[in-house]
1. If you take the residues in the range 99-137 that are part of a helix (DSSP H, G or I) and in contact (Cβ under 8 Å) with a residue 40 or more places away in the chain, which one is surrounded by the fewest Cβ atoms within 10 Å (Cβ to Cβ)?
2. Does any residue in the range 192-211 that is assigned to a loop (DSSP other than H, G, I, E, B) come within less than 7 Å, Cβ to Cβ, of a residue that is surrounded by fewer than 16 Cβ atoms within 10 Å (Cβ to Cβ) and among the charged types (D, E, K, R) six or more places away or on a different chain, and which pairs are these?
3. Which of the residues that make up the range 138-159 are in a loop (DSSP other than H, G, I, E, B) and open to solvent by 40 Å² or more (accessible area, probe 1.4 Å)?
4. Which numbered condition in (1) within 19 Å of VAL176 (Cα to Cα); (2) in contact with a helix residue (DSSP H, G or I) (Cβ under 6 Å, 6 or more places away or on another chain) is the only one that GLY50 fails?
5. Just to be sure, is VAL3 at pLDDT below 95, touching a helix residue (DSSP H, G or I) at 6+ places or on another chain (Cβ under 7 Å) and of a type outside the set (Asp, Glu)?
6. What number of residues within the range 38-57 are open to solvent by less than 10 Å² (accessible area, probe 1.4 Å) and of a type outside the set (Val, Ile, Thr)?
7. What's the total number of residues in the range 1-49 that are among the charged types (D, E, K, R) and part of a loop (DSSP other than H, G, I, E, B)?
8. Hey, can you tell me all the residues within the range 213-244 that are open to solvent by 20 Å² or more (accessible area, probe 1.4 Å), closer than 23 Å to VAL176 by Cβ and not in a helix (DSSP H, G or I)?
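The values are calculated or read from the model by the stated rules, or taken from the named source; none is laboratory data. Here the structure is a predicted model, which is why all the values come from computation and not from measurement. Using ideal geometry, Cβ is built from the backbone for each residue, glycine included, and neighbour counts are taken over all protein chains shown. In case anyone asks, the SASA skips ligands and DNA or RNA and just uses the protein heavy atoms, side chains included. Shrake-Rupley method; radii C 1.70, N 1.55, O 1.52, S 1.80 Å.
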Amino acid sequence: MDVAWEDLGWERLAAGVGRRRLPGWDATSGLIVGTEGALLYDTGSTLHEGAELRTQAEALLNGGRVTHIALSHPHFDHVLGTAAFDGTPVYGALGVDALLTREREVLRADAVRHGVAAADAAAATARLVVPGRTVSGELTVELGGGRRVLLVSVGPGHTGHDLAALVPPVAGSPAVVFCGDLVEESGEPQAGPDAVGARWPAALDRLLAIGGEDALYVPGHGAVVDATFVRAQRDALARRFGGS
């Protein structure tokens, strides 16, 4: 028996496409389903959260499994659940593999500073999964049945390694763009020490170019938005950081 997205606390966005707003930081995890595979976009902030996402994804896939993972950017609330998907190919923006390898302790400390239990942060960073497949420019992942996901390295912006995922429209469903924290709806865009503010507006221009006017834009935190919202946030970031 098929399980409805809503029954597990997920939001259905289009045919075979949904997302979960995770507790705590309201971070998004997205799932894109084809006939031969499924891609999960971001894995949560702890191994427990990752395991819960895996269980729910397998229920939505009627016992199938996630076959690909894409990480939007190297912040704890988006990557620390990855080890729950042992052996699954992981994609990230070019250079994120070296950064995560180098800054494992920084990631652990940041998680604890934001409220993750010290033991949970230590366990997740001890098993930290570094993307084995990096994206420079664009890469298409085929999931079967005409379903494909275009992974696009659109940064730098929120970080130096921002990866978006475009799900083209299928069978009357709209295009869906998973934006990571390049777009935030539940608050002002967060710019930490690894942000590249002057180039953030150009990253949003790239998102709008790949998604178009009619796409659904899924922020890293908050409710789904439209192109008008993304454009307004882009202009606000340009005023904030001085980007063109």
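1. Let us first name the residues in the range 99-137 that are part of a helix (DSSP H, G or I), namely 99-102, 104-113, 118-126.
Those still in the list that are in contact (Cβ under 8 Å) with a residue 40 or more places away in the chain too: 99, 111, 120-121, 123-125.
Values: LEU99: 20, ALA111: 24, ASP120: 18, ALA121: 24, ALA123: 16, ALA124: 29, THR125: 24.
Taking the candidates together, the pick is ALA123.
2. As it stands, the answer is none, since no pair meets every condition given.
3. Filtering the range 138-159 down to residues in a loop (DSSP other than H, G, I, E, B) leaves 145-146, 154-159.
Of everything in the range 138-159, those that are in a loop (DSSP other than H, G, I, E, B) and open to solvent by 40 Å² or more (accessible area, probe 1.4 Å) turn out to be GLY145, GLY146.
4. For GLY50, the exception is condition (1).
5. Considered against the rule, which asks whether it is at pLDDT below 95, touching a helix residue (DSSP H, G or I) at 6+ places or on another chain (Cβ under 7 Å) and of a type outside the set (Asp, Glu), VAL3 comes out as yes.
6. 10
7. Quick first cut of the range 1-49, residues among the charged types (D, E, K, R) only: 2, 6-7, 11-12, 19-21, 26, 36, 42, 49.
From what is left, the residues that are part of a loop (DSSP other than H, G, I, E, B) are 2, 26, 36, 42.
Counting residues in the range 1-49 that are among the charged types (D, E, K, R) and part of a loop (DSSP other than H, G, I, E, B) gives 4.
8. GLU213, ASP214, LEU216, ALA223, VAL224, ASP226 - these are the residues of the range 213-244 that are open to solvent by 20 Å² or more (accessible area, probe 1.4 Å), closer than 23 Å to VAL176 by Cβ and not in a helix (DSSP H, G or I).
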